[in-house]
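The structure appears right after this line, and notes come after that.
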Amino acid sequence: MTRMMRTSGGRLVRIRPVRLYPVLQPYVMQSLYPSYTDTAPPSTRDESTAARRPGRVTPQETPRQPEAQPLPNGQSYRVTSAPEHSLVTPQLARAVSEVLEPFAKANGFSAERPLDVTFGRGTLGLHRFKRAVDIYALGGKGLGQWAQEWNAAMCQAASASDPQKQAQQVTEEKARNLGFTLYKALQKHGGWAQPQGYPVQLFGPWTRSEGPHKAISDQLLHAHYDHIHVAM
């Protein structure tokens, strides 16, 4: 039976059937019609293909962060703070342990008499990704106290009239002060994080005099007066 309809002008016209075809994916069209070419932009084509394939990471997905772990005890040093205060990536845990173990042995500590190390919990910057750790105490003495003793010794040495005695006092304090020697050991190890546009992530009471970021601001120096911050 032929269907008719009347147009707006009053004419009768016949209604013709329309066939609908399903929209096929590009790889189906290619298999049915070898001459078919996907004309979609490369970026759209790549993203849609990646989304169809299991196990592929699309640009919108966030890479999984390494599982954090507390810094472990060493043979010659012992962590005295709560585990949650030193939760870091395995990479940072290895790097800090590589510094602490020889440092403790070089300063006369051993398995029978380990060096006590206390960490504090940070919340800003790379701490959010467990890529940073703060050291607050060594050998039962806070980093702030080690820094005060260092400053007092440097002032006493500067006031000495004999240059030889002055140099001797500086050398003795460098060997005695665990806060200073640990900072230098961390600096010597190197490999610490340096985000684009930011300085190397090693800060402490000795940053302005020893580096690596000698141009540290007064505000940032004051914020790290009582601990050593290191990140990777």
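The values are calculated or read from the model by the stated rules, or taken from the named source; none is laboratory data. Since we're looking at a predicted model, the values are computed, not measured. A quick note on method: Cβ atoms are made from the backbone with ideal geometry, for glycine too, and the neighbour counts reach across all protein chains shown.
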Index of the failed condition, ARG94 passing every other in (1) at pLDDT 95 or above; (2) in a loop (DSSP other than H, G, I, E, B); (3) among the basic types (Lys, Arg): (2)
Qualifying residue in the range 145-164 (condition: surrounded by 18 or more Cβ atoms within 10 Å (Cβ to Cβ), closer than 21 Å to ARG78 by Cα and modelled with pLDDT of 95 or more): yes
Lone unmet requirement of (1) farther than 21 Å from PRO195 by Cα; (2) touching a Lys or Arg at 6+ places or on another chain (Cβ under 8 Å); (3) not acidic (Asp, Glu) for SER159: (2)
Evaluation of ALA157 against (1) closer than 23 Å to GLN187 by Cβ; (2) in contact (Cβ under 8 Å) with a residue 24 or more places away in the chain; (3) in contact with a helix residue (DSSP H, G or I) (Cβ under 7 Å, 6 or more places away or on another chain) (one fails), failing number: (2)
Of the criteria (1) at pLDDT below 95; (2) surrounded by 16 or more Cβ atoms within 10 Å (Cβ to Cβ); (3) of a type in the set (A, V, I, L, M), which one VAL230 fails: (1)
Any hit, the range 119-128, residues being part of a strand (DSSP E or B) and under 14 Å from HIS229 (Cα atoms): yes
Enumeration of residues in the range 180-213 that are free of Cβ contacts under 8 Å to residues at least 12 places away in the same chain and within 20 Å of VAL170 (Cα to Cα): LYS188, SER209
So GLY144, is it assigned to a helix (DSSP H, G or I) and more than 19 Å from the chain's Cα centre (by Cα): yes
Of all residues making up the range 169-216, the number that are of a type in the set (Gly, Ala, Ser) and under 20 Å from PHE109 (Cβ atoms): 3
Given (1) surrounded by 21 or more Cβ atoms within 10 Å (Cβ to Cβ); (2) farther than 26 Å from ALA223 by Cα, index of the condition PRO114 fails: (1)
Qualifying residue in the range 166-177 (condition: under 20 Å from LYS141 (Cα atoms), surrounded by 13 or more Cβ atoms within 10 Å (Cβ to Cβ) and touching a Leu at 6+ places or on another chain (Cβ under 8 Å)): no
Checking PRO205 against (1) in a helix (DSSP H, G or I); (2) crowded, with 17+ Cβ neighbours inside 10 Å; (3) not charged (D, E, K, R), the condition it does not meet: (1)
